[in-house]
Amino acid sequence: MMHWIILPVVLPAMLAPLIGFVMRHDIVLARTASVAGTVALLAVALGLFGMAADGATHVYRLGDWPAPFGIVLVLDRLSALMVLLTATLALLVLIHAIATGWDARGKHFHALFQFQLMGICGAFLTGDVFNMFVFFEVLLIASYGLMIHSGGRARMQAGLQYVVMNLAGSTLFLFALGTLYASTGTLNIADIGRVVATIPPEEAALVRVAAMLLMIVFAVKAALFPVQFWLPGTYANAPAPVAALFAIMTKVGAYAILRVHTVSFGPGIEGTEDLAATWLFPAALITIAIGAFGVLGARRLMPLIAFSVLGSMGTLLIALAAFTPEATSAGLYYLVHSTFAAACLFLVADLVVRRRAGDTLTPRPPTVQNGLFAALFFAAAIGMAGMPPLSGFLGKLLVLDALRAPGTIGWAWTAVLAGSLVTILGFARAGSVLFWKSTATPAPETDTPVAAAARPLEVAPAMAGLAVLALLAVFAGPLSSYLQDTAAQLYDRAGYTTAVLTPETEG
């Protein structure tokens, strides 16, 4: 059973080259293998989720080398949740890409897709920051290939900006790793926390430099101000299924901030405990503002959704910045919600844009199935904006309830509530132009064929994502209890360190 822990990394890693070298000329075979692999990944993720539910921290030692000398993968409630979230989202996105034909616009979509899953799952499971860097690089390579899938000048320009920004982040990551190893002698997440706790605060300057460098690197991945500017262009110009998969990419950065700056540098470690929160909170406030006003000012549908993703990351990080179990559990609920909400918006937008011949927010004649698309967009938009009855409302309510400290309540509540209002206005404006004003626009008298209606399989992934948002609201109580236990386990640094560094631990 313990070998299951490495399967989310090994399974797509073995499948990707097989698809890339053997099946790339047979789209049916590539689709079959990719879907089968993703379904298998989901089954493994469900098994790991059940395995982690007992509250134990499970450690997989590659080559049976003990930490911190060997590579370890660590499974706890948080990493199991993130792997399950990734696998579920990946299956929805893959079905949409196949149903709409996006995957057939290039020979390597499915191979890159599997490499992407390998990088994401590896980043969530790794127990040391060097291998986190390795998996980040796998993510960068695969995501760049997916970003420019099917070509186009705008897509290439956005992809270049994306890869340059992330390469700069990778360079900083290497500097941070060198600095951290020079000051602590280890790169294992648990061992770093153990060593840093023994360093007197007046001698921890080099450790603080490394911690801040890591914060900047993770902020790039999470699209946090002031290094957020790559996200709107990248997400707006990426193929819609790729942008939907990228909804989990920013969460990799948020996860890294949470894991490393809690276990290695977090509460209870005198030299570094307040370092991350000091900078993370104001940056998250500004990120919310940028996202909200970006939604309000967007003149195209895809950038509007991209800015809403940016605003949701600000809301998530404002919760994580508190570094308390209560705020973290609220943030994790919102993390799950915002991932599916963003993905649904991109999938619905793809259905609309393909039938409007462009994503410009100007009145045009109504498309086929205009009512269906309007309903899907409305549901996804209220989910992202945080209106009832979907889980976005509960997610933001939990975040606000957790942020009631005297020094943060005014700023946090104002930012979240005002940002939500502005976001609602932006989505309302876009929806009225796309679906309401279009009904008053006469269709031109041309011989251009009317776009075909969306087939059930094309609509199913978006509807399944919306169903997940509804289920998150219905089962908010049990999920919140699980996430509270998840946060409590995360902040149990001693338990994590003992499980990872004790040779007798099951492995």
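Annotation: extensible slack from residue 467 through residue 436 equals 8.7 nm (criterion: 0.36 nm per residue apart, minus Cα-Cα distance). Between residue 387 and residue 417, the simple label model (points 7 Å from Cα in the Cβ direction) yields a spacing of 1.8 nm. A simple count of charges around residue 369, restricted to other residues whose Cβ falls under 15 Å of its Cβ and scoring Lys, Arg +1 and Asp, Glu -1, yields +3.
If Lys and Arg each add +1 and Asp and Glu each add -1, what is the summed charge of the other residues whose beta carbon sits under 13 Å from the beta carbon of residue 408? Write out the running numbers ahead of the final one.
Numbers: positive: 404; negative: 326, 401.
Net local charge, residue 408 excluded: -1.
The alpha carbon convex hull volume per residue for the range 263-339 rounds to 84 Å³. Its Cα centre serving as origin, the chain has a Cβ charge dipole (Lys and Arg +1, Asp and Glu -1) of approximately 1740 debye.
The share of C-alpha pairs in the chain whose separation exceeds 28 Å stands at 51 percent.
Within straight-line reach of residue 251, meaning a Cα separation under 20 Å, sit the following lysines at least 8 residues removed in sequence or on another chain: 221, 396. When 164, 336 are compared by accessible area at a 1.4 angstrom probe, the order from most to least is 164, 336.
So if I place +1 on the C-beta of Lys and Arg and -1 on the C-beta of Asp and Glu, and nothing else carries charge, what would the dipole magnitude of the range 348-496 be about its Cα centre? I want it in debye, nearest 20.
In debye, rounded to 20, the range 348-496 gives about 220.
Among 400-412, 132-144, sorting by the average number of other beta carbon atoms lying within 10 angstrom of each residue, highest first, gives 132-144, 400-412. I want to make sure I understand the PRE zone here: with the label point 7 angstrom from the Cα of residue 404 toward its beta carbon, which residues in the range 318-350 have backbone N atoms less than 18 Å away? Those under the cut-off are 319-320, 322-331.
How many Å² of accessible area per residue for the range 205-339, probe 1.4 Å? Please list the in-between numbers first.
Values: 3030 Å² over 135 residues.
For the range 205-339, the per-residue accessible area is 22 Å².
Carbon and sulfur atoms: what percent of the 1.4 Å accessible area of the chain do they account for?
The nonpolar share, carbon plus sulfur, comes to 70 percent.
Note on exposure: 250, 367 ranked by accessible area (1.4 Å probe, complete protein assembly) read 367, 250, with the most exposed listed first.
Let me check I've understood the local charge: for residue 353, count other residues with C-beta under 12 angstrom from its C-beta, Lys and Arg +1, Asp and Glu -1. What total comes out? Walk me through the numbers on the way to the answer.
Details: positive: 300, 354, 355, 356, 364; negative: 350, 359.
Here the count lands on +3.
Placing unit charges on the Cβ atoms of the charged side chains and taking the dipole of the range 131-228 about its Cα centre, the candidate lying farthest along the positive direction among 133, 146, 197 is 146.
To the nearest ten degrees, helix 301-320 and the longest principal axis of the Cα atoms of the chain are 30 degrees apart. Among the protein heavy atoms, those of residue 64 account for about 120 Å² of accessible surface (1.4 Å probe, every chain in place). Listed by chain and number, the aspartates and glutamates whose C-alpha is less than 16 Å from the C-alpha of residue 437, apart from same-chain residues fewer than 8 away, are 359. Peptides 108-115, 71-78 ranked from most to least packed, by the mean per-residue count of other Cβ atoms within 10 Å: 108-115, 71-78. Sparse packing (at most 12 other Cβ atoms within 10 Å of the Cβ) combined with a DSSP loop state is found for the following chymotrypsin sites (Phe, Trp or Tyr not before Pro) in the range 19-98: 69.
The values are calculated or read from the model by the stated rules, or taken from the named source; none is laboratory data. Remember, it's a predicted structure, so these values are computed and weren't measured experimentally. Cβ: placed from backbone, ideal geometry, glycine included. Neighbour counts: every protein chain shown. Areas reflect the complete protein model, heavy atoms only, side chains present, ligands, DNA and RNA absent. Shrake-Rupley method; radii C 1.70, N 1.55, O 1.52, S 1.80 Å.
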